[in-house]
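Input: a single structure, listed below in structure tokens.
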Amino acid sequence: MGFTDKQEALVKDSWEFMKQDDIPQLSLRFFSLILEIAPAAKNMFSFLKDSDELPQNNPKLKAHAVKVFKMTCESAIQLREKREVVVGETTLKYLGSIHLQKGVADPHFEVVKEALLRTVEEAMGKKWNDEMKEAWAEAYDQLAAAIKAEMHAEA
Ligand code: HEM
């Protein structure tokens, strides 16, 4: 499904706005929401396994959070320009195998989606609206579908 200029702008502009906030704080919030929705997801992340608390400023935690946000944002741009998500061939293969290897399954993508939408909602405050939610959800769904397809191809 194609994406309108407006939808692309909603995702891009909100990500730009959020980035001015404290990124480590956003990453922590994103991960606490993931664990709140699905506590069992904790054991999948090498950097969360052995601690009871979320590690403040852990570079891996921050990297995963930022990757998910950034790639969803890129996905929005591609959906508008090309009507499909284009992640480089190698990257997509890599993304498929790393998630498969770590025991990630399809339902986890819904958990991450929920956490992502709630993180953006909180960060945007009064600027958040249904249209923005739809745009982020669609961009994420298309990206997740591409990763899941690669996971299924490999499994
Ligand atoms: C690793 C992106 C969804 C769990 C990674 C890496 C990337 C990435 C780029 C590699 C990081 C590196 O090698 O430095 C994404 C994107 C997602 C997504 C774009 C959604 C569209 C998920 C979901 C889960 C998950 C749903 C499960 C809750 C993991 C785990 C690792 C990983 C456990 C390995 C991290 C580690 O322990 O070092 N992800 N991911 N990801 N991802 Fe995701």
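None of the figures in this text is laboratory data; all of them are computed from the coordinates on show. Computed from a predicted structure; not experimentally measured. Glycine gets a Cβ as well: all are built from the backbone with ideal geometry, and neighbour counts include every protein chain shown.
Looking at the chain as a GNM with Cα springs under 10 Å, which of K70, K49, K126 has the largest mean-square fluctuation? Residue with maximal mean-square fluctuation among K70, K49, K126: K126. Distance between the 7 Å Cα→Cβ label points at D13 and A145: 2.6 nm.
Modelled this way, with points 7 Å down the Cα-to-C-beta line, the labels at Q20 and E36 are 2.5 nm from one another. Based on C-alpha pairs under 8 angstrom that are at least 6 apart in sequence, the chain has a relative contact order of 37 percent. For the range 47-109, the alpha-carbon coordinates run over 43, 23, 22 Å along the three principal axes, in decreasing order.
Taking the Cα centre of the range 1-135 as origin and assigning +1 to Lys and Arg Cβ atoms and -1 to Asp and Glu Cβ atoms, the resulting dipole is close to 320 debye. For the chain, the Stokes-Einstein estimate of translational diffusion at 20 °C and a viscosity of 1.002 mPa s comes to 135 µm²/s, using the Kirkwood hydrodynamic radius over alpha-carbon pairs. Among D141, D52, D13, a tally of other beta-carbon atoms within 10 Å of each Cβ gives an order, fewest to most, of D52, D13, D141.
Where in the range 1-16 does the amide nitrogen come within less than 17 Å of the point 7 Å from the Cα of W128, taken along Cα to Cβ? Answer for the range 1-16: 10-16. Shape summary: the range 96-155 maps onto an equivalent ellipsoid whose semi-axes, from the alpha-carbon gyration tensor, are 27, 11, 7 Å in decreasing order.
Fewest neighbouring Cβ atoms within 10 Å first, the residues W136, W128 line up as W128, W136. Straight distance only, please: which aspartates and glutamates reach the Cα of K19 with their own Cα at less than 16 Å, same-chain residues fewer than 8 apart left out? Result set, ordered by chain and number: E74, E121, E122.
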